[in-house]
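Comments concern the structure below.
Values in this text are rule-based calculations from the coordinates and carry no lab data. Keep in mind the model is a prediction, meaning the values are calculated, not measured. Here the Cβ is made from the backbone with ideal geometry for all residues, glycine too, and neighbour counts use every protein chain on show.
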Amino acid sequence: MTLVQRARRWEFSVPIDVEDDLGRHRGLTQNLGVGGIFVATGQPGRPGDRVTLRFALPGLSEPLLVEAEVRWIREPGQSKQPGGPGMGLKFAKLSMHAAATIDAFLRSRARAE
């Protein structure tokens with residue numbers, strides 16, 4: 001039997017722009033990990049949808065632009081976690097810059113803990 005450790009997610013709350021086939025809307029990040037992000041939004045996509053994300057990490061002068069895939073959604077009242085409805089996103093395309101920036105940010109959070 002092989003045990004797979006799930007990647008750690010860090011609480012992280014900043015405004016995020018989500019662009020999909022229906023246009024652009026605003027959400028709020030709830031957590032961030034190496035492979036994805038949760039976005040609290042009243043306009044979650046459907047699993048399998050592709051979206052483009054634009055968000056800033058502390059210390060960056062320019063926001064990151066990242067492509068992601070909706071993996072799951074949380075309906076209103078579905079969870080006792082704060083933040084209400086939203087969607088879990090898996091990063092689909094990360095530039096080398098975005099991947100390195102996210103990795104450095106997460107490593108700094110891990111060291112601070």
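Helical content of the chain, expressed as a calculated mean residue ellipticity at 222 nm, amounts to -5000 deg cm²/dmol (DSSP H runs of 4 or more residues, -39,500 (n - 2.57) each, divided by residue number, nearest 500).
Remark on the chain: hydrodynamic radius 14.5 angstrom, per the Kirkwood mean of 1/r across alpha carbon pairs. Placing R0 at 35 angstrom, the Cβ-Cβ distance between ALA112 and LEU22 gives a FRET efficiency of 0.40 after rounding to 0.05. Modelled spin-label separation between HIS97 and ARG46, with each label point placed 7 Å from Cα along the Cα-to-Cβ direction: 3.4 nm.
The mean sequence distance of close C-alpha pairs (under 8 Å, at least 6 residues apart), as a share of the length of the chain, puts its relative contact order at 22 percent. The GNM of the chain, with springs linking C-alpha atoms under 10 angstrom apart, assigns the highest mean-square fluctuation among LEU64, LEU94, LEU22 to LEU22.
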